[in-house]
Each structure stands twice: as C-alpha cells, then as structure tokens.
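Participant: Pasting a structure here, questions to come.
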Amino acid sequence: MFTKKIATVLILSAATVLPAFAFAAPSDSATHCILTQHRVTAVQPLNATQTNGRSSTVQLVGARVLVEAEQGLTAEWLQLSIQRHMVQMGSSGMKNCALDAKDVRVSVKSTGSGFAIEITGKDASQAQEILRRAKLLVG
C-alpha cells in the first residue's frame, strides 16, 4: 500500500513538472527571425526629414521591408505576430534579425499588394544596422 502511495506521488509530480519543461523549451519563433516566414519582395532605407528653422535634413531612421500579401493575412495580424515574436526573442542574440535590437519600433501598413513593415531605431548607427540586417532578407 505504501508503494502505491509513492507511485501515485511520483506520477503526479512528473505530470506537474513535465509540461513546464515542454513550455520552457525554445520555440522555433524564438530562434528564427519571423520576417523569414514571409516572402520579402524588397527592402528600402527608411528616412525621416528633420526641419530646423528654414533648413531641413534627411536622416536614415531604419528600414522598410516590403512583404507579399498572403491569404488571410492582415496588417493587424502581422503587427501582432511581430510584437509577440519580439517578446519571445528577448535577448536571444539573433545577430541577423532586423528586429533584434534594443528599443526597436515596428509598424505595419497595408500597401494593397502586400505590407510595408517599418522598423526604426533610436539613432543613426542603429538605423544602419537595422537596414543591413533587413537587406539580408532579400535574395
């Protein structure tokens, strides 16, 4: 009878602990950039105009990644998927993912035949790195 109690406790313990290990395992989206799951048609520099009195300058702020439309995909769903991916990524160190940089902002807009994913950084050097990584998606 004592053996049955021990067996029951072990089975219940295993049933409680095993799902936690399965949940903790890195998912595919945490190790691969979500942008590779879509057909990227082009990558463009994303510039912003800074106006100072009478003069204005154009500054690189990031990259515009153009993605082909897919059946059932909306700009809102793509935005949500990217945001979830960025949370899952954490500090995973995806050195070639344009989304894997500190303080990156992302917005998704419909372009009719697809979507424009605009990825912006906090400064010029980060913007250049975002553009470099985004260019790796085309090819």
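Bear in mind that the values in this text are calculations on the coordinates, not laboratory data. Remember, it's a predicted structure, so these values are computed and weren't measured experimentally. A quick note on method: Cβ atoms are made from the backbone with ideal geometry, for glycine too, and the neighbour counts reach across all protein chains shown.
Participant: If you check Ser56, Ser81, which single one turns out to be over 18 Å from Arg132 (Cα atoms), in a strand (DSSP E or B) and without any contact (Cβ under 8 Å) to a residue 60 or more places away in the chain?
Facilitator: One residue alone meets the criteria, Ser56.
Participant: May I pose another question? Would you be able to tell me the number of residues in the stretch 112-136 that are surrounded by 14 or more Cβ atoms within 10 Å (Cβ to Cβ), in contact (Cβ under 8 Å) with a residue 24 or more places away in the chain and not in a strand (DSSP E or B)?
Facilitator: Of the residues in the stretch 112-136, 11 are surrounded by 14 or more Cβ atoms within 10 Å (Cβ to Cβ), in contact (Cβ under 8 Å) with a residue 24 or more places away in the chain and not in a strand (DSSP E or B).
Participant: What tally of residues in the stretch 98-111 results from selecting those that are within 18 Å of Cys33 (Cβ to Cβ) and assigned to a strand (DSSP E or B)?
Facilitator: Within the stretch 98-111, residues that are within 18 Å of Cys33 (Cβ to Cβ) and assigned to a strand (DSSP E or B) number 4.
Participant: Go through the stretch 59-78 and count every residue that is assigned to a strand (DSSP E or B) and either of a type in the set (Phe, Trp, Tyr) or farther than 14 Å from Ile117 by Cα (or both).
Facilitator: 2
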